[in-house]
Ligand SMILES: NC(=O)c1ccc[n+]([C@@H]2O[C@H](COP(=O)([O-])OP(=O)(O)OC[C@H]3O[C@@H](n4cnc5c(N)ncnc54)[C@H](O)[C@@H]3O)[C@@H](O)[C@H]2O)c1
């Protein structure tokens, strides 16, 4: 997601620095972003004038975000990892910097409380793939200020994204609903009721959705889906958010969906 979000901002003439803990991921991301911006240009999507000069840099160090006006956090859906990152960026960024949490499920209020700037923490849930999906769910935490919302709306309009603004609750609208149907779809396969392709076909043809639940889970990444189900289960203390054992088994086996070339489908 971080790579896709960086591409969208770079394509719209923003200066971007990508920070990760893994140097190889950063190098590959840089290559892929430049290639995708070039491809988007060939298909007449608005791009920076000169791809080679697209203003993207990479870093392994939080000090690289010292001058940033906005930070979009895209680290794994794991509160322990996010806690370390929010504390790190809170110390490294200038006081007026706004933090966008691109979390799938974790409460924005909870993430804001990890910082000394809860008024400047807002949920911006980008849709996958971020360079192509022109919609984001924007989530107002308990302490998110009107000024932060105003800045967020202005920025997202400049990168071609429309948004639905909602109040904070774990899972928001999109993932509180979608993780129920993704896990239930996995149960249907697990129980041998229908194969993945049939489950998705019924969902698509029956209800007019463009993607089925298992295609969606593969696109998101089964590890991220499982992490999100755990967040929902813990927060609501409700067994309806239980994760299908088949999902757990696939994640244990490293079968994570599109990103590993195999999930419910082969890629
Ligand atoms: N996958 C989706 O479709 C999707 C959509 C919207 C939001 N999200 C959310 O976006 C976030 C990232 O999900 P993803 O699917 O891109 O995960 P991912 O595992 O593919 O990528 C996470 C990246 O974070 C890096 N990372 C790990 N620890 C770090 C640290 N301490 N500092 C800096 N970088 C670190 C990893 O090296 C990796 O490159 C999650 O919160 C997820 O819920 C995902």
Just how far, in whole angstrom, is segment 200-267 from segment 124-143 if you go by their alpha carbon centroids?
19
Restricting to segment 1-137, compute how many DSSP beta bridges are antiparallel as a %, nearest 5.
15
Note: residue 166 to residue 150 extended length (0.36 nm per residue) minus current alpha-carbon separation gives 4.3 nm
Is segment 189-267 best put as rounded, prolate or oblate by its Cα gyration tensor, with a ≥ b ≥ c the root eigenvalues, rounded for a/c under 1.5, and otherwise prolate when a/b is larger than b/c, oblate when not?
oblate
By how many degrees, between 0 and 90 and to the nearest 10, does the Cα long axis of helix 79-92 differ from the longest principal axis of the chain?
10
Taking only DSSP H segments of four or more residues, each worth -39500 (n - 2.57), what value at 222 nm results for the chain once the sum is divided by all its residues, to the nearest 500 deg cm²/dmol?
-14000 deg cm²/dmol
Quick one, what does Rg over Rh come out to for the chain if you take C-alpha atoms and the Kirkwood Rh?
0.96
Please find the FRET efficiency linking residue 202 to residue 81, where r is the Cβ-Cβ separation and R0 is fixed at 35 Å, and quote it to the nearest 0.05.
0.45
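When a/c is below 1.5 the answer is rounded, else prolate if a/b is larger than b/c, else oblate, so apply that to segment 122-181 with a ≥ b ≥ c taken from the square roots of the Cα gyration tensor eigenvalues.
Oblate shape, in that a/c is at least 1.5 and b/c is the bigger or equal ratio.
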Wrap a convex hull around the Cα atoms of segment 73-137, take a quarter of its surface area, and give that in square nanometres.
4.4
For the chain, longest principal axis from Cα atoms; helix 174-190 axis from its Cα atoms; angle between them, nearest 10 degrees, is 30
Using a 7 Å offset from the Cα along the Cα-to-Cβ direction at both residue 190 and residue 132, what is the distance between the two label points in nm, to one decimal?
3.0
To one decimal place, what Kirkwood hydrodynamic radius in Å is obtained for segment 142-220 from all pairs of distinct Cα atoms?
15.1
Could you work out how far helix 23-42 tilts from the main Cα principal axis of the chain, as a 0 to 90 degree angle to the nearest 10?
90
Which of the peptides 184-193, 57-66, 8-17 is most tightly packed, and how do the rest follow, judged by the mean count of other Cβ atoms within 10 Å per residue?
8-17, 184-193, 57-66
Among bridges DSSP assigns within the chain, what percent are antiparallel (round to 5)?
25
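A short reminder: the numbers here are calculations on the coordinates, not readings from a lab. Only a predicted model underlies this, so the values are computations on that prediction, with no experimental measurement involved. In this analysis, Cβ positions are derived from the backbone assuming ideal geometry, glycine residues included, and neighbour counts consider all displayed protein chains.
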